[in-house]
Amino acid sequence: MHFFGERVMGTLTIKNLRVGRDSFQIFVKNISVQSGSILGVVGKSGSGKSTLLNAIAGFETLSEGEIHFNDTNLSSLPPEQRRIAIVFQRPALFPHLTVLGNVCFGLKIKKHSESVQKELAIPWLKKLGIADLADRYPHSLSGGEAQRVAIARALVVGFPILLLDEPFSGLDVELKSGARKALKELVDELKLAAILVSHDPTDIEELADEVCTLEKGQISGWLKKKS
């Protein structure tokens, strides 16, 4: 299947990133994620994993440090200009839009015509097994269905960076397996630079090319998995 969207390859680089939140701070000296690879981030609750993702996305203000994708300094840009796709633990779908409308939302913001929106969105619905839900509204979806809609919405816009914060937590075992396979294929095919936060060891084992451990806001371990 051919997937639509812009494909920009490169490296996501994070250097000397410091983010303060009340009495808690995270400091990350150096992270590098190449297009087509997934960095897994693990650690106990409260270690700073979600804060790190929010900082990369632009939802947290940096005390110091920089975030680059190739030659572009993302840390100086507002979130909407960073070209970062995000999938959170909670789908946060728009209740007044259908499944198709939710998936097309980013394309509509980019001012694509309705016909182009559908042309770009429908392959994602099919890939994630939700094409038959296109006309339904979020209130009628199961948690797993809603999460797949959120994944499709994030990926359809064709951004080169993908952040995932516990993206499969609402799925049952069988759906998790299929979602992991689909995500791995998409990262490989679209050459996304992806960061995955998960408490599920199977997510990390099956998806991550490298794994870093956060402890009290700092990287305490790093593992490059054998290919």
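The values are calculated or read from the model by the stated rules, or taken from the named source; none is laboratory data. Fair warning: this is a prediction, and the values are worked out from it, not measured in the lab. Because the Cβ atoms are built from the backbone with ideal geometry, glycine has one as well, and the counts that use them run over all protein chains shown.
Has region 149-157 got any residue that is modelled with pLDDT of 90 or more, surrounded by fewer than 14 Cβ atoms within 10 Å (Cβ to Cβ) and out of contact with any Gly (no Cβ under 8 Å at 6 or more places or on another chain)?
No: zero hits.
Answer with yes or no whether LYS181 is more than 23 Å from ILE56 (Cβ to Cβ) and under 17 Å from the mean Cα position of the chain (by Cα).
Numbers: more than 23 Å from ILE56 (Cβ to Cβ): yes; under 17 Å from the mean Cα position of the chain (by Cα): yes.
Here the answer is yes, as LYS181 does meet what is asked.
Can you work out which of the residues in region 58-94 that are assigned to a helix (DSSP H, G or I) and at pLDDT below 95 is surrounded by the fewest Cβ atoms within 10 Å (Cβ to Cβ)? So that I can check it myself, show each step before the final result.
Step one: list which residues in region 58-94 are assigned to a helix (DSSP H, G or I), which gives 74-76, 79-81.
Still in the list and also at pLDDT below 95: 75-76, 79-81.
On the way: SER75: 19, SER76: 12, PRO79: 13, GLU80: 9, GLN81: 11.
Of everything passing the filter in region 58-94, GLU80 is surrounded by the fewest Cβ atoms within 10 Å (Cβ to Cβ).
With the structure loaded, tell me whether VAL173 is modelled with pLDDT of 90 or more, hydrophobic (A, V, I, L, M, F, W, C) and more than 20 Å from the chain's Cα centre (by Cα) or whether it fails that test.
Details: modelled with pLDDT of 90 or more: no; hydrophobic (A, V, I, L, M, F, W, C): yes; more than 20 Å from the chain's Cα centre (by Cα): yes.
When the stated conditions are applied, VAL173 does not pass them.
Have a look at GLU189, GLU205 and point out the one that is free of Cβ contacts under 8 Å to residues at least 40 places away in the same chain and either in contact with a strand residue (DSSP E or B) (Cβ under 8 Å, 6 or more places away or on another chain) or loosely packed, with under 14 Cβ neighbours inside 10 Å (or both). Spell out the reasoning first.
On the way: GLU189 fails: free of Cβ contacts under 8 Å to residues at least 40 places away in the same chain.
After ruling out the rest, the residue left standing is GLU205.
Of the numbered conditions (1) in contact (Cβ under 8 Å) with a residue 40 or more places away in the chain; (2) of a type outside the set (S, T, N, Q); (3) outside any loop (DSSP other than H, G, I, E, B), PHE159 fails exactly one; give the number of that condition.
In the conditions (1) in contact (Cβ under 8 Å) with a residue 40 or more places away in the chain; (2) of a type outside the set (S, T, N, Q); (3) outside any loop (DSSP other than H, G, I, E, B), PHE159 misses (3) alone.
Limited to region 123-144, what total is found for residues that are in a helix (DSSP H, G or I) and in contact with a helix residue (DSSP H, G or I) (Cβ under 7 Å, 6 or more places away or on another chain)? Outline the logic, then answer.
We begin by selecting, within region 123-144, every residue in a helix (DSSP H, G or I); these are 123-127, 131-133, 138-140, 143-144.
From what is left, the residues that are in contact with a helix residue (DSSP H, G or I) (Cβ under 7 Å, 6 or more places away or on another chain) are 124-125, 127, 131, 133, 138, 144.
Residues flagged as in a helix (DSSP H, G or I) and in contact with a helix residue (DSSP H, G or I) (Cβ under 7 Å, 6 or more places away or on another chain) within region 123-144 amount to 7.
Please work out which one of (1) more than 16 Å from the chain's Cα centre (by Cα); (2) on the phi < 0 side of the Ramachandran plot; (3) not in a helix (DSSP H, G or I) is the condition LYS111 fails and give its number.
That leaves (2) as the condition not met.
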